[in-house]
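Below you'll find the structure, written out as structure tokens, and then a few comments.
The values are calculated or read from the model by the stated rules, or taken from the named source; none is laboratory data. Small disclaimer: the values here were computed from a predicted structure and weren't measured. Positions of Cβ are generated from backbone atoms using ideal geometry, with glycine treated the same way; all protein chains shown enter the neighbour counts. Only protein heavy atoms, including side chains, enter the accessible area calculation; ligands, DNA and RNA are left aside. Shrake-Rupley method; radii C 1.70, N 1.55, O 1.52, S 1.80 Å.
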Amino acid sequence: VFNEGYAASTGDRLVRDDLCAEAIRLGRLLATLMPDDAEAAGLLALMLIHDARRAARVSDDGTYVALPDQDRQRWDCERIEEGKAILDRALRLRRPGPYQLQAAIAVLHVSETVDWPQIAALYGMLAQQAPSPVVEVNRAVALGMAGDPRAGLEVLDAVDLQDYQPFHAARAELLRRSGDRDAADGAYARAIELSANAVERAELERRRAALRG
């Protein structure tokens, strides 16, 4: 529910506030009913920290705003602190799990200086705990943001997600960063073709146009 609210798969809105709110309500209920479950707390912390950036992820005119360009003044700092506190309590239970790792990654995303090498390392740990092609895509992006786009491309080469829009969007960005403009253009084209969300599609089209310009 939260994933669809945070990044709607279809339609003309990137974020669905109603779904985010409902997912967090259910997460709070779960954490209350299972107070000793570290992963229930980790999931709640993950959603709260991501949701704290909701207002900054889309500009006033409805366009997508990437993390480095977001206005931190629009972040919900109280929600971030709540998420961090819940994660700290979960970690003290010493029963690590995938949701706690993802929440730790989310904390790094909202730090004053984003530590991309550390994020890539945590995605590596997540890939060991809960291996999936989607985790590998995120790890590849983190490697690229950490300054090693070719390493990120090597990770993507081992992933089979040809009908997954974020795979092609990630590949396009890594190819752009590595200097292969022609291949990046093709990857953007495929990502645009697969995108059913108007806000995401417009951002991909903007990036492709900037690449060509």
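If the convex hull of the alpha-carbon atoms of segment 1-53 is projected onto planes in all directions, what is the mean projected area in square nanometres?
3.4 nm²
Could you put LEU175, LEU93, LEU33 in order of accessible surface area, largest first, with the 1.4 Å probe and the full protein assembly present?
These residues rank, largest area first, as LEU33, LEU93, LEU175.
Viscosity 1.567 mPa s, temperature 4 °C: what is the translational diffusion coefficient of segment 60-150 from Stokes-Einstein with a Kirkwood Rh over Cα pairs, rounded to a whole number of µm²/s?
Working: Rh = 14.5 Å.
Approximately 90 µm²/s, per Stokes-Einstein.
Taking the convex hull of the alpha carbon atoms in the chain, what volume per residue do you get, in Å³?
120 Å³
Once both axes come from the Cα atoms, what is the angle between helix 38-51 and the longest principal axis of the chain, in degrees from 0 to 90, rounded to 10?
Relative to the chain, helix 38-51 is tipped by roughly 50 degrees.
Using only protein heavy atoms and a 1.4 Å probe, report how much of GLU112 is accessible, in Å² to the nearest 10.
150 Å²
By how many nm would the segment from GLU81 to ARG28 lengthen if fully extended, with 0.36 nm per residue of separation less the alpha-carbon distance?
17.5 nm
Taking the Cα atoms only, what angle lies between the long axis of helix 133-145 and the longest principal axis of the chain, rounded to 10 degrees?
Between the helix axis and the principal axis of the chain, the angle is about 70 degrees.
Could you give me the ³J(HN,Hα) list for segment 198-205, computed from phi with Karplus coefficients 6.51, -1.76, 1.60 and θ = phi - 60°, whole Hz, x at Gly and Pro?
Rounded to whole hertz, the list is 4, 5, 5, 4, 4, 5, 5, 5.
With a Förster radius of 35 Å, plug the Cβ-Cβ distance of VAL65 and GLU193 into 1/(1 + (r/R0)^6) and report the FRET value to the nearest 0.05.
Efficiency, rounded to the nearest 0.05: 0.90.
How many angstrom lie between the C-alpha centres of segment 122-195 and segment 1-71?
23 Å
Give me the percent of the accessible area of the chain that comes from carbon and sulfur atoms, probe 1.4 Å, all protein chains in place.
50 percent
Please list ARG25, ARG139 from largest to smallest accessible area, probe radius 1.4 Å, with all protein chains kept in place.
In descending accessible area the options line up as ARG25, ARG139.
Could you work out the equivalent-ellipsoid semi-axes for segment 133-213, taking the square root of 5 times each eigenvalue of the Cα gyration tensor, largest first, in whole Å? List each step's numbers first, then the result.
On the way: eigenvalues 69, 46, 20 Å².
In descending order, the three semi-axes are 19, 15, 10 Å.
Using a 1.4 angstrom probe on the protein heavy atoms only, line up ARG94, ARG201 by accessible area, largest first.
Descending accessible area places them as ARG94, ARG201.
Kindly provide the helix-only [θ] at 222 nm of the chain, computed as the sum of -39,500 (n - 2.57) over DSSP H runs of four or more divided by all residues, to the nearest 500 deg cm²/dmol?
Details: 11 runs with 143 residues, N = 213.
Value at 222 nm, helices only, nearest 500: -21500 deg cm²/dmol.
Report the Rg/Rh value for segment 71-124, based on alpha-carbon coordinates and the Kirkwood definition of Rh.
So for segment 71-124, dividing Rg by the Kirkwood Rh gives 0.99.
Convert 37 °C to kelvin, take the viscosity as 0.692 mPa s, use the Kirkwood radius over C-alpha pairs of segment 48-93 as Rh, and evaluate the Stokes-Einstein diffusion coefficient in µm²/s, rounded to a whole number.
Values: Rh = 11.5 Å.
In µm²/s, the coefficient is 286.
At 1.4 Å probe radius, can you tell me the per residue accessible area of the chain in Å²?
Details: 11220 Å² over 213 residues.
Counting only protein heavy atoms, the per-residue value for the chain is 53 Å².
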